[in-house]
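The structure appears below as structure tokens.
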Amino acid sequence: MKLAKRIWASFILIGLVGQFAWTIENMYFNVFLYNTISTDPAYIAAMVAASAAAATITTLLMGVLSDKLGKRKLFICGGYILWGLSTAMFGFISVQNISRWFPAANAAATAAMAVVIADCIMTFFGSTANDTAFNAYVTDVTSKENRGKAESVLSILPLISMLIIFGAFDGMTRQGRWQEFFFIFGLLVTATGILSIFLLKEPNVQKSEGSSVANLLYGFKPSVIRQNPLLYLALCSLGLFSVAVQVFFPYLIIYIQNYLKIDAYAIVLGVVLIIASIVSVVGGRFIDKIGKLRFALPALGVMLAGLIGMFLVNGMVPVIIAGSVMMSGYMLVLAALSATVRDHTPADKVGHFQGIRMIFAVLLPMIIGPSIGAAVIKNSGSTYVDLGVTKNVPTPAIFLAAALVLLLAIIPIMLLKRRTGHEN
């Protein structure tokens with residue numbers, strides 16, 4: 001079954017603009033914190049963990065509410081409007097402003113905490129609009145026959161987002177023009193929320209029955225886990241894969257800038273993202289034909305090879321080659337596993353299970369992964385002195401640690417493949 005052009009338009013517009021906001025949160029909030037407030041990687045790990053917790057709790061609560069009301073459009077449009085406003089306000093946080101507002105406080109520590117709190121507020125609106133409502137909307141309007149193709153397109157949107165931001169706007173951050181940077185993308189996200197009022201049609205949603213409390217706890221019941229073993233195995237696979245990604249991803253730009261000493265990192269990332277996007281679109285056409293799980297294992301092998309390559313190489317060209325392999329595998333695994341999770345999600349609990357998915361794909365990975373990365377960085381002893389301040393530098397060991405975690409994802413994928421084969 002083919003998807004209508006209006007649905008594809010909503011996927012691309014709402015999905016891409018949402019990824020602009022997530023790219024800024026996942027990659028540039030870290031750089032903003034590192035460059036303007038504190039170089040302690042523990043603050044980055046704390047911010048990532050706090051925002052992951054906020055995202056998961058929000059998605060659980062709003063998913064239940066969205067299922068109960070049978071509405072997606074309201075949460076997408078209203079959420080995007082507020083998401084953009086909260087993003088635009090982020091640029092006002094600085095050590096200088098904090099020292100003026102709270103003269104008795106430790107300005108750097110207070111500013112770091114302000115960043116964490118602001119990130120959680122922004123995450124609340126983003127998770128309501130994107131993680132909960134938009135993801136549920138995608139599941140509502142797709143089917144098993146076209147989800148692999150849909151996911152392959154959706155999975156490249158983060159790469160396109162990074163490519164556009166790195167290519168056209170990264171210069172702003174290097175010049176310290178953070179207020180302008182956050183304002184531009186905040187305005188874009190808000191405008192998309194307004195435009196979505198006219199673009200989106202409310203899908204036919206099967207409303208959930210029962211009390212809100214019962215629906216909130218539904219996915220945690222042992223009986224539900226026993227009734228949906230394929231879903232939870234798919235979630236475990238996605239979770240371990242996501243932990244591996246989060247071991248290195250929050251520190252990627254810092255690694256390229258400060259360890260590899262590649263000033264033109266935007267070019268490196270741009271080439272890598274273009275290649276990985278092309279591979280993802282082409283490879284995504286085969287996910288539904290070959291079978292999602294049959295496709296996932298070779299794709300995981302590609303990512304593993306890329307991680308090992310990133311551990312071994314130095315210099316711009318070798319990093320581009322290894323990075324392209326790593327990110328191509330990443331996108332293909334993500335598309336296959338995400339589509340598998342959607343396939344096994346109960347139709348009347350689509351919104352609720354976005355929250356359960358967040359626990360496996362966001363909360364636990366963004367707590368465990370960056371903590372592993374931070375421990376590897378601190379134990380490496382790699383530092384440099386800038387204006388009398390000793391700064392920790394990420395080393396290639398973060399990619400080796402990520403590769404070891406990625407190997408664990410093979411176990412639930414194999415179990416899932418075996419169970420699926422038996423049921424078929």
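Just so it is clear, none of the values below were taken in a lab; they were calculated from the coordinates. The structure displayed is predicted, hence computed values, not measured ones. All Cβ positions, glycine included, derive from the backbone under ideal geometry; neighbour counts span all protein chains shown.
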Helix 265-290 axis, angle to the chain major axis (alpha carbon atoms, nearest 10°): 10
Taking only C-alpha pairs under 8 Å that are 6+ residues apart, what is the relative contact order of region 198-332 in percent? 23
Förster-model FRET efficiency, 35 Å R0, residue 198 and residue 117, C-beta, rounded to 0.05: 0.55
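Taking neighbour Cβ counts within 10 Å as the exposure measure, how do 110, 340 sort from fewest upward?
Ascending number of Cβ neighbours within 10 Å: 110, 340.
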What is the extension gain from residue 144 to residue 73, computed as 0.36 nm multiplied by their sequence separation minus the C-alpha to C-alpha distance, in nm to one decimal? 23.3 nm
Over the chain, relative contact order from alpha-carbon pairs under 8 Å, at least 6 apart, %: 28
Pulled fully out, how much extra length does the chain show between residue 174 and residue 415, if you take 0.36 nm times their separation in residues and subtract their Cα-Cα distance? 82.1 nm
In region 303-327, whose amide N lies under 20 Å from the spot 7 Å out along Cα-to-Cβ of residue 274? List them in ranges. 315-327
Report, in degrees rounded to the nearest 10, the 0 to 90 angle that the Cα long axis of helix 316-343 makes with the longest principal axis of the chain. 30
In degrees from 0 to 90, rounded to the nearest 10, what is the angle of the helix 229-248 Cα long axis to the longest principal axis of the chain? 10
Rounded to whole angstrom, the alpha-carbon centroid of region 213-244 lies from that of region 119-169 at a distance of 21
Pop a pseudo-label 7 angstrom from the Cα along the beta-carbon direction at both residue 188 and residue 85 and give the gap in nm to one decimal. 2.1
Express the Stokes-Einstein translational diffusion coefficient of the chain in µm² s⁻¹, to the nearest whole number, given a Kirkwood radius over alpha-carbon pairs, 37 °C and a viscosity of 0.692 mPa s. 151
Compute the distance from the alpha-carbon center of region 316-351 to that of region 1-28, in whole Å. 15
Note the full-extension length gain between residue 317 and residue 108 as 0.36 nm times their separation in residues minus their Cα-Cα distance, in nm to one decimal. 71.5 nm
Based only on other Cβ atoms within 10 Å, what is the fewest-to-most ordering of 414, 327, 162? 414, 327, 162
Neighbouring Cβ atoms within 10 Å as the yardstick, rank 411, 121, 372, 398 fewest first. 411, 121, 372, 398
Mind giving me the nanometre distance, one decimal, between the label points for residue 221 and residue 2, set 7 Å out from Cα along Cα→Cβ? 4.2
For region 220-309, which trypsin sites (Lys or Arg not before Pro) are in a loop by DSSP, counting at most 11 other Cβ atoms within 10 Å? 261
